[in-house]
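Report on one structure; see the data block that follows.
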Amino acid sequence: MRELFTADAGPALINIALLAILFVVAIAIARLRSLFAIVMLSGVYSLVSAAWYIAVDAVDVGYTEAAVGAGMSTAVLLGAMLLTARTAKPEKPLKKLGPFLICGATAVMLIYATVDLPGLGDPNAPANTGAGLTYLQVNWFDTGVPNVVTSVLATYRGFDTMGETVVVFVAGLAVAMLLGFGERSLAETLRTAKKRRGKGKEGEGS
């Protein structure tokens, strides 16, 4: 709590604000019945999550969340919404009890698992020893990039990153095909143009 009243309280306040926004958006998603509003709020949740990942220096995760979570997933959900009802049916109170208990049990297990995690900034933590410590020591001399995560993804894990990029690219193509981009959308544009021309000629003839 003392960190909130020091000169370096900016990052802590930003994290608290972003997490509060995520909490409010999650509650709104759980209570809404309009599928369109749920999809839009899901995109907002992903964008705020991406901003929070970047705030905690997880740039690679933030980029992936923004591209896949807020971008492609939202597009796929909007396309799927056209094939179903626009409003979810109200559920009985007893049916809500099961998911609530599952979420509560999961939360308890996650909190229990954090007890064994090393402290923040602990120099003896596994992430700060072994290969992680080696990357921190040689990164600047090898790449000249101050962000160690970015340099690891672009150099030491170059083949793995290339595979992830291919997966995201293929997913983007799949979304484009599902939404009817390319030849289908071009054909629809040509049909619309012909109809307009035909109406224009009829107007001139009359």
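The values are calculated or read from the model by the stated rules, or taken from the named source; none is laboratory data. Computed from a predicted model, the values in this text were never measured in an experiment. Every residue, glycine among them, receives a Cβ derived from its backbone with ideal geometry; neighbour counts consider all protein chains shown.
Structure above, values below:
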item: Residue within the stretch 179-186 that is modelled with pLDDT of 80 or more, of a type in the set (Asp, Glu) and over 19 Å from the mean Cα position of the chain (by Cα) present; result: no
item: Any hit, the stretch 87-107, residues being closer than 30 Å to VAL170 by Cα and of a type outside the set (D, E, K, R); result: no
item: Spans of helices (runs of 4 or more DSSP H) in the stretch 76-175 with at least 3 residues at pLDDT 80 or above; result: 93-113, 131-143
item: Number of the condition not met by MET40 [criteria: (1) over 30 Å from VAL152 (Cα atoms); (2) out of contact with any Ser or Thr (no Cβ under 9 Å at 6 or more places or on another chain); (3) without any contact (Cβ under 8 Å) to a residue 40 or more places away in the chain; (4) surrounded by 14 or more Cβ atoms within 10 Å (Cβ to Cβ)]; result: (2)
item: VAL168 being surrounded by 14 or more Cβ atoms within 10 Å (Cβ to Cβ), in contact with a Phe, Trp or Tyr (Cβ under 7 Å, 6 or more places away or on another chain), not assigned by TED's automatic domain parsing to the domain that holds ALA30 and not acidic (Asp, Glu); result: no
item: Options LYS195, LYS201; residue that is modelled with pLDDT under 60 and assigned to a helix (DSSP H, G or I); result: LYS201
item: Only listed residue being under 30 Å from THR165 (Cα atoms) and without any contact (Cβ under 8 Å) to a residue 24 or more places away in the chain, chosen from ALA26, ALA51; result: ALA26
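So that you can scan it fast, the table gives a plain yes or no per residue for (1) more than 26 Å from the chain's Cα centre (by Cα); (2) surrounded by 10 or more Cβ atoms within 10 Å (Cβ to Cβ):
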{"residue": "ALA70", "(1), (2)": "no, yes"}
{"residue": "ALA75", "(1), (2)": "no, yes"}
{"residue": "LEU101", "(1), (2)": "no, yes"}
{"residue": "LEU110", "(1), (2)": "no, no"}
{"residue": "ALA131", "(1), (2)": "yes, yes"}
{"residue": "PHE141", "(1), (2)": "yes, no"}
{"residue": "THR150", "(1), (2)": "no, yes"}
{"residue": "ASP160", "(1), (2)": "no, yes"}
